[in-house]
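Have a look at the structure below before the remarks.
The values are calculated or read from the model by the stated rules, or taken from the named source; none is laboratory data. Keep in mind that what you see is a predicted model, and the values were worked out from it rather than measured. Here the Cβ is made from the backbone with ideal geometry for all residues, glycine too, and neighbour counts use every protein chain on show.
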Amino acid sequence: MHKDAAVTAVFFEAFRPLIKPPVNCEVVICPPFLSLEAAIGATHGTGIQIGAQNLHWAKEGAYTGEISGAMIRASGGSHVIVGHSERRKYYFGETNESVSKKILAALDAGLTPIVCIGEFEKNNAREVIAEQFSGGMGMLTPGQFAEIAIAYEPFWAIGSGDAAAPSMVGEAHRFIRSQASVKFGEEASTNVRILYGGSVKPDNAEGLMSEPEVDGFLVGGASLDPASFASIVNLRTPSAA
């Protein structure tokens, strides 16, 4: 919950010139709902994509205060974060069931869901990942699964400055791929993009990226500063996987 429309426009004025072409990664920024229009206008023709931080699973109806996938798509958004740990852990009561319904709603609206999974404590990663994967994504068809991205975000690392070690991240990502392989097959497991989120910063991003299982990042606090976020994006330039 940062940056109103005016501040969002200022952010992109500073951010755009800092990106070094060619950009060899997808750049998706997810501002608050009321800043979506400003972000989309500020990134027109740049290749930077804009997504939302959440959606409701219904297309419309008596859901006061909620936003549908169709509304996000109509505004020009291309992605949406689903099941962020802050929404699972605090305030909002997100469950695997609601995450599952939101994934389907996002796909139905033509959005790419960035589905967040991860443990709240350091000692039970596999158990939580297996439960969230099965409960949130287990009902997808192989075709639907091919349209999503997954973000592994151990809650204990978010905003704490205590990023998981690259080896720990790699182990978690391999376990996620093993879950995908069992459910959707080896090809799906290989192709699914798995991002890491949890205190990613310019000074640790390169080390995390050296782990071959990491396909990208879900950047939190470091994305609020244009120079900080641009330095992470530019790590993918000029050569990238």
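Would you say Arg16 is within 19 Å of Glu153 (Cβ to Cβ) and part of a helix (DSSP H, G or I)? Judged against the criteria, Arg16 is not a match. All conditions in (1) touching a Lys or Arg at 6+ places or on another chain (Cβ under 9 Å); (2) surrounded by 14 or more Cβ atoms within 10 Å (Cβ to Cβ) hold for Ile103, with the sole exception of (1). Being surrounded by 14 or more Cβ atoms within 10 Å (Cβ to Cβ), among the small types (Gly, Ala, Ser) and in a loop (DSSP other than H, G, I, E, B), is that true of even one residue in the range 169-180? No: the range 169-180 contains no residue that is surrounded by 14 or more Cβ atoms within 10 Å (Cβ to Cβ), among the small types (Gly, Ala, Ser) and in a loop (DSSP other than H, G, I, E, B). Under the condition of being surrounded by 19 or more Cβ atoms within 10 Å (Cβ to Cβ) and not in a loop (DSSP other than H, G, I, E, B), the residues counted in the range 72-81 number 4. Scanning the range 181-210 for residues that are farther than 21 Å from Gly138 by Cα, part of a loop (DSSP other than H, G, I, E, B) and over 18 Å from the mean Cα position of the chain (by Cα) yields one hit, Ser210.
All conditions but one from (1) in contact with a Lys or Arg (Cβ under 8 Å, 6 or more places away or on another chain); (2) crowded, with 16+ Cβ neighbours inside 10 Å; (3) of a type outside the set (Gly, Ala, Ser) apply to Asn96; the one that does not is (1). Looking across the range 44-71, the residues that are touching a strand residue (DSSP E or B) at 6+ places or on another chain (Cβ under 6 Å), buried (at least 18 other Cβ atoms within 10 Å of the Cβ) and either part of a loop (DSSP other than H, G, I, E, B) or among the charged types (D, E, K, R) (or both) come down to Gln53, Leu55.
The residues listed here are Ala42, Ala52; of these, the one that is modelled with pLDDT of 95 or more, more than 20 Å from Pro154 (Cβ to Cβ), among the small types (Gly, Ala, Ser) and within 16 Å of the chain's Cα centre (by Cα) is Ala52. Among the residues of the range 186-200, those identified as without any contact (Cβ under 8 Å) to a residue 60 or more places away in the chain and either under 16 Å from Arg236 (Cβ atoms) or touching a strand residue (DSSP E or B) at 6+ places or on another chain (Cβ under 8 Å) (or both) are Val192, Arg193, Ile194, Tyr196, Val200.
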